[in-house]
Amino acid sequence: MKHVTDRSVYLRWLIPASSFRLPVALLPLAIEYVIGSAAGFRFASLVVGAVAVGEISVVGILATRRGQRAASLGAQSTLTILALLDIALLIASLIHPLLAFSLPVALLSGATTALASGKLRQVLTAQLSPQSLQRYLSWDAVALEIAYLVAPALIAVQVMLAGARLLLVIPAVLAALSPVLLRRHSTPTLPTAVIPHITLRSWLWVLSAGEGLGEGMVVVTIVPIATELLHNAPFGALAMALLSLGSILGGSLYAHFGTGSAAVFPQRRIAILLIGLSICLVAEAAGIQNELMVGVTLLCFGGFIAPSNGLRTFAATHHFDRRLHSSAFSMIYSSYSIGSVTAAVAFAVLDQTLALSAILILAALGTATVSVAYLSTYRTRPDSATGGVKG
């Protein structure tokens, strides 16, 4: 397959993928606005938490042979189910007596989102040539960050123009479009033999959770830092925009310069990037009362995110049987969510007993520990190309 053909394949795939990703990025904030105003922000936070729990539940689903049946659904079918769930969430938000149903719907939506993410990636990786796989997965990590940068802007525009009541309409419509748009893209035909069992004994999941821990802690602490320490509430949103900008820049540089190496050790590179995240967390803690320091630190922090995202996906294609790619991509999504939810819970528990700088340093220590633990045993583990990742 020629390079230009791979580019065409990726760009065609990016259209339905963006229609899937934007609702995913929009949903938590939209839930806070819509359900928070209708039933209180405490209940809205529970609904957002249910989405995260649903994402994490996929780890348990795919870890069993019976759960592998979930992988038998096609990408279009999974995306259609997700669209129906997002529409159900919209209806529950508009009819007050149905608000209680938003909790189980959000739970199912989170689980289906993780599965759909895996299936979409499988559609792409099955059609890209091995020579350009890492490059396009790295560029795709940049496209993912752009989606998460655009999503808050869409929310802000709709709130200003039409209020918050119908905010869940956009995610529902975009989610409904994604399976329709995917029809233009041919889906891979996989062998019908028994699918091998995916294993939980993989350092890839641990490294993915380590990134989720570090990034999740930045997300949950930036608003308290902006409001309580810097006394500049808008700076929180600006800082997150700088983080996204750093991720886009870092991902672009890595996709252009860092994907041509013949000897690729993706998990080792992820571990090294986690060290970078840890250093940035310590730097943020050191300059936590200085706006310039926090802004520059988060710009640098973002520079490690997109390369790590692309490498995590590439590691799955590098170490798992092709029939397991969909499940492996879903597990990456879910294991990252485990780390980010751990960060949120840790912040909620420690906020009243430790300073914000101390919480950031603990998160840095946790992220660095994951990296060092992997690197210290890197040379002693052989990799498996057909089952799980041993290294």
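The values are calculated or read from the model by the stated rules, or taken from the named source; none is laboratory data. Because the structure is predicted, anything quoted here is derived from the model rather than measured. Here the Cβ is made from the backbone with ideal geometry for all residues, glycine too, and neighbour counts use every protein chain on show. Please note that ligands, DNA and RNA were not included when accessible areas were found on the heavy atoms of the full protein model with its side chains. Shrake-Rupley method; radii C 1.70, N 1.55, O 1.52, S 1.80 Å.
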Open item on the list: With the structure loaded, tell me whether L124 is under 23 Å from G251 (Cβ atoms) and either surrounded by fewer than 19 Cβ atoms within 10 Å (Cβ to Cβ) or in contact (Cβ under 8 Å) with a residue 40 or more places away in the chain (or both) or whether it fails that test.
Closed with: yes
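Okay, residues lined up against (1) touching a helix residue (DSSP H, G or I) at 6+ places or on another chain (Cβ under 7 Å); (2) within 24 Å of V370 (Cβ to Cβ); (3) open to solvent by less than 10 Å² (accessible area, probe 1.4 Å); (4) not in a helix (DSSP H, G or I):
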{"site": "L245", "(1), (2), (3), (4)": "yes, no, no, no"}
{"site": "L273", "(1), (2), (3), (4)": "yes, yes, no, no"}
{"site": "L292", "(1), (2), (3), (4)": "no, no, no, no"}
{"site": "L299", "(1), (2), (3), (4)": "yes, yes, no, no"}
{"site": "A316", "(1), (2), (3), (4)": "yes, yes, yes, no"}
Task: Residue ID - nearest to S178 (Cα to Cα), chosen from residues in region 81-106 that are open to solvent by 60 Å² or more (accessible area, probe 1.4 Å) and not hydrophobic (A, V, I, L, M, F, W, C) - done: P104
- [ ] Hey, can you tell me all the residues within region 137-188 that are open to solvent by less than 70 Å² (accessible area, probe 1.4 Å), within 21 Å of the chain's Cα centre (by Cα) and not aliphatic (A, V, I, L, M)?
- [x] S138, D140, E145, P152, P171, S178, P179
TODO: Evaluate the following for A75: is it closer than 23 Å to R183 by Cα, surrounded by 20 or more Cβ atoms within 10 Å (Cβ to Cβ) and modelled with pLDDT under 90?
DONE: yes
- [ ] Those residues that are of a type in the set (F, W, Y) and either closer than 20 Å to S129 by Cβ or open to solvent by less than 10 Å² (accessible area, probe 1.4 Å) (or both), I need them from region 301-314; list them, please.
- [x] F301, F314
TODO: Would you mind finding the one in L273, L356, L360, L324 that is at pLDDT 90 or above and more than 25 Å from A233 (Cα to Cα)?
DONE: L273
Task: Hits in region 1-13 - residues which are part of a helix (DSSP H, G or I) and surrounded by fewer than 18 Cβ atoms within 10 Å (Cβ to Cβ) - done: H3, V4, T5, R7, S8, L11, R12
Open item on the list: Just to be sure before I move on: is A63 surrounded by 21 or more Cβ atoms within 10 Å (Cβ to Cβ) and closer than 17 Å to S327 by Cα in the structure I sent?
Closed with: no
- [ ] Out of the residues in region 49-66 that are farther than 17 Å from L82 by Cβ and part of a helix (DSSP H, G or I), state the one that is modelled with the highest pLDDT.
- [x] G49
TODO: Could you check, for region 209-221, whether at least one of its residues is at pLDDT 80 or above, in a loop (DSSP other than H, G, I, E, B), more than 17 Å from I305 (Cα to Cα) and in contact with a helix residue (DSSP H, G or I) (Cβ under 9 Å, 6 or more places away or on another chain)?
DONE: no
